[in-house]
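See structure below.
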Amino acid sequence: MEIRAEMVATVWTVRAAEGAQVKTDDELAVLESMKMEIPVLSEIDGVVTHLAVTEGDAVAEGDLIAVIAAE
């Protein structure tokens, strides 16, 4: 499953790592836009197979944040 940005923002922090096991609603990253922090959550239980962002990256709406393989 691909997790994508919902808005134009800056990647404030990345909380997950490639290879990490995650559960539904685990925080993968935090985006910052207009001084608001927006958590990016896992939508499924699985393993993070790819992280497409690093801290400080700028993302646009629809940009890839992470890929999670379902268990």
- Query: Residue check: is VAL30 part of a strand (DSSP E or B), surrounded by 12 or more Cβ atoms within 10 Å (Cβ to Cβ) and aliphatic (A, V, I, L, M)?
  - Reply: yes
Over region 14-27, the set of residues open to solvent by 70 Å² or more (accessible area, probe 1.4 Å) and at positive phi is ASP25
Filtering region 24-54 down to residues that are closer than 10 Å to ILE68 by Cα and of a type outside the set (Ser, Thr, Tyr) yields GLU43, ILE44, ASP45, GLY46, VAL47, VAL48, HIS50, LEU51
*Kindly establish whether VAL11 is crowded, with 16+ Cβ neighbours inside 10 Å and in a strand (DSSP E or B).*
yes
Regarding region 39-48, can at least one residue be identified that is part of a loop (DSSP other than H, G, I, E, B), in contact with an Asp or Glu (Cβ under 8 Å, 6 or more places away or on another chain) and open to solvent by less than 50 Å² (accessible area, probe 1.4 Å)? yes
Go through the residues of region 51-60 one by one and say whether even a single one is in contact (Cβ under 8 Å) with a residue 40 or more places away in the chain, hydrophobic (A, V, I, L, M, F, W, C) and open to solvent by 80 Å² or more (accessible area, probe 1.4 Å).
yes
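The values are calculated or read from the model by the stated rules, or taken from the named source; none is laboratory data. The shown structure was predicted, so the numbers you read here are calculated from the model rather than taken from an experiment. A quick note on method: Cβ atoms are made from the backbone with ideal geometry, for glycine too, and the neighbour counts reach across all protein chains shown. Accessible surface is based on the protein model in full, side chains and every heavy atom, while ligands, DNA and RNA are left aside. Shrake-Rupley method; radii C 1.70, N 1.55, O 1.52, S 1.80 Å.
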